[in-house]
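These notes concern the structure reproduced below.
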Amino acid sequence: MSCEKSVYITTPIYYVNDIAHIGHAYTTIIADSISRYSRLIGHDTFFLTGTDEHGQKIEESAKAKGKSPKEYADAISATFKNLWDDFEISYDAFIRTTDEKHKIGAQKAFEVMAQKGDIYKDVYSGHYCISCETFFTKNQLLEEEFCPECGKTTTVVEEESYFFRLSKYQDKLLEWYEQNPSCILPKSKRNEVIRFVESGLEDLSITRTSFDWGVKIPESFNDPKHVMYVWLDALMNYLTALGYGSDEVNMRYWPARVHLIGKDILRFHAIYWPAFLMSLDQPLPKHIAAHGWWTRDGQKMSKSKGNVVNPKEVADAYGLENFRYFMLREVPFGGDGDFSQKALIDRINSDLGNDLGNLLNRLIGMSGKYFEGTIDSKDIVLYYKDELAQVEESIDKLEPLLFEMQIHRYLEELWRPLSIANKAIDKHQPWVLMKEGKTDEAMALVALIANILARVSVMLHPVMPETTRKIATALGFEIDNSSWTQLIIEKSMLASFTITQIPPLFPRIEEVKLEQAEETPKEEKKEASSKEEGIALIGIDDFFKTSIKIGTIIEAQEIEKSDRLLLLKVDIGEASPRQVVAGIKEFYSPQDLPGTQICLVANLKPAKLMGNKSEGMILAAKDKNGLSLIRPEAPKSNGTTVG
Ligand code: MSP
């Protein structure tokens, strides 16, 4: 097949504030498999991944590590790139938002949007979650303070900002969703987006002035204190990677066939991004496909819980391609999935070992024993027309499933021919055929099995490239665009061919102890969930990461307009007292607090609450009878460590 189509496939660009975990690996492996399929069928394919390196979150993470943001970003970006190289991810470009070319393209877009009349200057006043790099209105917050996405404390921001006229695009967006039923996949997610947009879009603040780790807005604005909002900068990567705003334009790949993302970043991709593109007069992507969330033992993975699954460790322990197959097969696209080694081992031993590996072993055995490995396909249609028709029916269903991101169903459907093959052997019993002298019929059966395995390995190739290459070698052919055309499109048979022995592909696997991904023993798990309401158990080292100190409240006052918060000064034996904002106003009057000893979490990152810096958290316990501060039983010197 000729390269008549240009196909562009992207992953999100990953934040460089953390190393890769299986959630990142999942998106990347899906994108890699689709790209490999697209290349196999002869499409001119461009697969983009990379890292998202600007913003307040990265700036703060770098500071905490004593590094400059760029040094920090360089180091973490390299860990992503190295991991994808290790995993043989077939990306065509790895973009970094600190690349000069990207910055120029993002600035160009800012100018074009401004020329279009879509950017204006005003004052932003609202709440910002640094962790999610997202603005929220007061109504969206939990208890008027916490981020509705991640639960962390938000910061009150009031600063001069440039705005994008998102509201102007509300109707055009709704029209786009309406006219393109599969623009957001899975389709259930599209309905969520439509409901959100119908409820009304506000203009979007797209610059920040309170930090400077970002792309500066174009010089023509003569306003150097503004850097671009990290999501505008980040989304632009999909265009700048193709040279948008520079001389080396590769825009033949635009619009993207699919932007693969996780469900948590759907709003940015399905609302902001198409609106930005409309403003830039660019065509819109064909699909935005949002997958679900991987959890571990039913809980969100996070470093602080110590339950992050390291994809490299899993791949080293169980085989990279087995891991790829597992991730794509285990979870319906769009749904959440829980990582468990047991499920992984079951898939390897059952789907791969029994259904696929054993079939190949049976084929090698039969062809060697009865025909010295030399097989002819000429009589398959004569004896096994029905089986062949069923196999073809399954194979024909595959491509649309892949391009509609139904990858688990693609693999499920691909296993049907294997089951047909295994059943055909059991039903027709080649050893009986041989005994009865029906050599042609036995030969046709062996050839049928070989041809089924050939077709399955071609279609499985994008997910398990190396394994299927080995199967093809055993069957005496190569997987490439021409064998795909012959076997899948033209439905030709392998002609006369020789089957050779290869080592078993899926030796039986037992559980391996993973360092980071160690499973909590069942008993402990039960205890943890009943005693601790589902909070994961931690090691003592984790506990000691928290520095809790005894302190004395030396000053307490109300915060204007706040029903919950008090502003405290706490002496914890340092040169100056800590300022702490505490949600205890309903239970304590400011005049009763000075002189009270408390326990203070002293190594929390400072946060801003209602415009006041808070440098720690006071420990308290709350039940139906009210809230009590946690205090030492007898007075202790300020600064004494609790633990
Ligand atoms: N930098 C932004 C994306 C900008 S794209 C223009 C970002 N980065 S991220 O590193 O936080 O997340 C990248 C992707 O990883 C997201 O699609 C997110 O959904 C996915 N995942 C992060 N944790 C995940 C799981 N536990 N499970 C599955 N995917 C999850 O967001």
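Derivation of every value follows stated rules applied to the coordinates shown; laboratory data play no part. Computed from a predicted structure; not experimentally measured. Here the Cβ positions follow ideal geometry from the backbone for every residue, glycine too, while neighbour counts run over all protein chains shown.
Annotations for the structure displayed:
- Members of Lys263/Lys342; Lys585/Lys613; Lys70/Lys138; Lys305/Lys636; Lys101/Lys152 lying beyond 24 Å, as alpha-carbon distances in this model show: Lys263/Lys342; Lys70/Lys138; Lys305/Lys636; Lys101/Lys152
- The chain - mean residue ellipticity at 222 nm from DSSP helices (-39,500 (n - 2.57) per run, n ≥ 4, rounded to 500): -11500 deg cm²/dmol
- The share of alpha-carbon pairs in segment 339-498 lying farther apart than 27 Å comes to 21%.
- Amide hydrogen proximity for Tyr15: with H placed 1.01 Å from N in the peptide plane, the residues at 5 or more positions away or on another chain lying under 5 Å are Asp52.
- Nonlocal amide H pairs with His291, under 5 Å, H built at 1.01 Å: Ile261, Gly262, Lys263
- FRET efficiency for Glu175 and Asp203, using Cβ-Cβ distance with R0 set to 22 Å, rounded to 0.05: 0.70
- Length added when fully stretched, Lys138-Thr485, from 0.36 nm per residue minus Cα-Cα: 119.2 nm
- Cα gyration tensor shape for segment 76-151, rounded if a/c is under 1.5, else prolate or oblate: oblate
- Angle between the chain longest axis and helix 407-428 axis [Cα atoms, degrees, rounded to 10]: 30 degrees
- 3J(HN,Hα) along segment 606-614: x, 10, 10, 10, 6, x, 10, 5, 10 Hz, from the Karplus curve 6.51 cos²θ - 1.76 cosθ + 1.60 with θ = phi - 60°, whole Hz, x for Gly and Pro.
- Legend: ranking of residues Lys5, Lys438 from fewest to most surrounding C-beta atoms inside 10 Å; resulting order Lys5, Lys438.
- Both radii come from the Cα set of the chain: Rg as radius of gyration, Rh as Kirkwood radius; their ratio Rg/Rh reads 1.05.
- Each residue of segment 437-450 was assigned a 3J(HN,Hα) from its phi angle through the Karplus curve 6.51 cos²θ - 1.76 cosθ + 1.60 (θ = phi - 60°); the sequence is x, 8, 5, 5, 5, 5, 4, 5, 5, 4, 5, 4, 4, 4 Hz, with glycine and proline shown as x.
- Given R0 = 41 Å, the distance between the Cβ atoms of Asn82 and Lys545 translates into a calculated FRET efficiency of 0.95.
- Between helix 320-330 and the chain: long-axis angle, C-alpha atoms, 0 to 90°, nearest 10: 80 degrees
- Net dipole in debye of the chain [+1 Lys, Arg Cβ; -1 Asp, Glu Cβ; about Cα centre; nearest 20]: 340 debye
- Between Ile559 and Lys305, the contour length at 0.36 nm per residue exceeds the alpha carbon distance by 88.1 nm.
- Taking the fewest neighbouring Cβ atoms within 10 Å as the starting point, the ordered list for Leu141, Leu567 is Leu141, Leu567.
- Computed from backbone phi, the HN-Hα couplings of segment 85-100 come to 5, 4, 7, 6, 6, 8, 5, 8, 8, 10, 8, 10, 6, 8, 5, 4 Hz, rounded to whole numbers (Karplus: 6.51 cos²θ - 1.76 cosθ + 1.60, θ = phi - 60°; Gly and Pro given as x).
- Each of Asp223, Asp592 was scored by other Cβ atoms within 10 Å of its Cβ. Arranged with the fewest first, they read Asp592, Asp223.
- Percent of Cα pairs exceeding the 24 Å cut-off, where the set is segment 540-642: 18 percent
- Too-long pairs where the Cα-Cα distance tops 31 Å, listed order kept, from Lys67/Lys622; Lys216/Lys569; Lys67/Lys225: Lys67/Lys622; Lys216/Lys569
- Between Asn603 and Ser90, the FRET efficiency estimated from the beta carbon spacing at R0 = 60 angstrom works out to 0.90.
- For Arg96, the residues 5 or more places off, or on other chains, whose built amide H falls under 5 Å of its own are Thr51.
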